[in-house]
Amino acid sequence: MFLKDFGMNFLSYRPLSNCSCGAIHQLAEFHEIDRVMDFLQGLNDSYSNVHSDILLIDPLPPVARVYYLLLQEELHRSLELDLVGMLSQHSANINDDSLVT
């Protein structure tokens, strides 16, 4: 699974150091936005709809939330494929049964 492999990479980002001036919070927000954008740019075209939906969220969610949303999408797709496979198999069984009778 592409996303699980990519997830291991985004977890390796280094956190920002603390400072006493208070500007670290704004810098951390910029850093997080950059991480989200890097993450989204690394996706293949099959995730373009989810990519667009995430960019419409205001404020942009943190990278961990984006990763979770993409995992949900991947799970949804795999469930759809399983359902299509089950329906195809069921249809084939019905056709086979009708040929026997």
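The values are calculated or read from the model by the stated rules, or taken from the named source; none is laboratory data. Just so it is clear, the model here is predicted, and its values are computed rather than measured. Glycine gets a Cβ as well: all are built from the backbone with ideal geometry, and neighbour counts include every protein chain shown. The area values use the complete protein model at the heavy-atom level, side chains included, leaving out ligands, DNA and RNA. Shrake-Rupley method; radii C 1.70, N 1.55, O 1.52, S 1.80 Å.
Please specify each residue of region 1-45 satisfying the condition of being open to solvent by less than 50 Å² (accessible area, probe 1.4 Å), modelled with pLDDT of 85 or more and not in a helix (DSSP H, G or I).
Gly42, Leu43
If you scan region 52-72, which residues turn out to be in a loop (DSSP other than H, G, I, E, B), without any contact (Cβ under 8 Å) to a residue 24 or more places away in the chain and either under 14 Å from Glu29 (Cα atoms) or hydroxyl-bearing (Ser, Thr, Tyr) (or both)? Walk me through how you get there before you give the answer.
Start the filter on region 52-72 by keeping residues that are in a loop (DSSP other than H, G, I, E, B), which leaves 56-62.
Then keep just the ones that are without any contact (Cβ under 8 Å) to a residue 24 or more places away in the chain; that gives 56-59.
Asp58, Pro59 - these are the residues of region 52-72 that are in a loop (DSSP other than H, G, I, E, B), without any contact (Cβ under 8 Å) to a residue 24 or more places away in the chain and either under 14 Å from Glu29 (Cα atoms) or hydroxyl-bearing (Ser, Thr, Tyr) (or both).
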